[in-house]
1. Projecting each Cα onto the charge dipole of segment 5-100 (Lys/Arg +1, Asp/Glu -1 at the beta carbon, about the Cα centre), which of TRP40, CYS7, PHE83 comes out farthest on the positive side?
2. Would you check the chain for Lys pairs whose C-alpha atoms are within less than 25 Å, ignoring same-chain pairs closer than 8 in sequence, and give me the count?
3. When the chain is modelled as a GNM with alpha-carbon springs shorter than 10 Å, which of LEU70, LEU44, LEU88 fluctuates the most?
4. Only helical DSSP H runs with n ≥ 4 go in: add -39500 (n - 2.57) per run for the chain, normalise by residue count and round the 222 nm mean residue ellipticity to 500 deg cm²/dmol.
5. Compute the relative contact order of segment 1-114 as a whole-number percentage, counting only Cα pairs closer than 8 Å that sit 6 or more residues apart in sequence.
6. Taking the simple approach of a point 7 Å from Cα along Cα-to-Cβ for both SER115 and LYS91, what is their distance in nm?
7. Please list 98-110, 26-38 highest first by mean number of surrounding beta-carbon atoms within 10 Å per residue.
8. Which one, (1) 140; (2) 122; (3) 157, gives volume of the Cα convex hull per residue in Å³ as derived from the coordinates shown?
Amino acid sequence: MMLPEACLANILSFTTPADTFSSASVSSVFRVAGDSDFVWEKFLPSEYSRLISTSTHKSFSSKKELYRCLFESILFDNGRKIFKIEKLTGKISYVLSARDISITWSDQRHYWCWSHRSDSRSSFKF
């Protein structure tokens, strides 16, 4: 006897993103259950709605698609910050532009000089 899809989705929601991704290779029932918004909602950070509302990405066809976008990283807060989810563990990280960090005397030219680097790995707006 097979477990209902909703039951499998509930079980998967208590695992990790890595377990959910790998369960899709077990069977089509696991794949369908693992694609449900119910499962991926559990893996998303609680503040994801706020992040999405201030990002350039606004719409997603599913919570799984949103999760995939977040592990590739998104710019938010007018392009001044990057948010990223580690694909398999779900750990989150933020990357801030230097201007978003409180640096003592950063507004004093004799202590600090802001410059743009062409080899910067981000496209932050400073």
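1. PHE83
2. For the chain, qualifying lysine pairs total 23.
3. LEU88
4. So the helix-based figure for the chain works out to -9500 deg cm²/dmol.
5. It rounds to 19 percent for segment 1-114.
6. A separation of 3.4 nm, rounded to one decimal place.
7. Top of the packing list down: 26-38, 98-110.
8. Only one listed value fits the structure, namely (2).
Read the figures in this text as sums done on the coordinates, not as results from a lab. The model shown is predicted, which means the values in this text are computed figures rather than measured ones. Because the Cβ atoms are built from the backbone with ideal geometry, glycine has one as well, and the counts that use them run over all protein chains shown.
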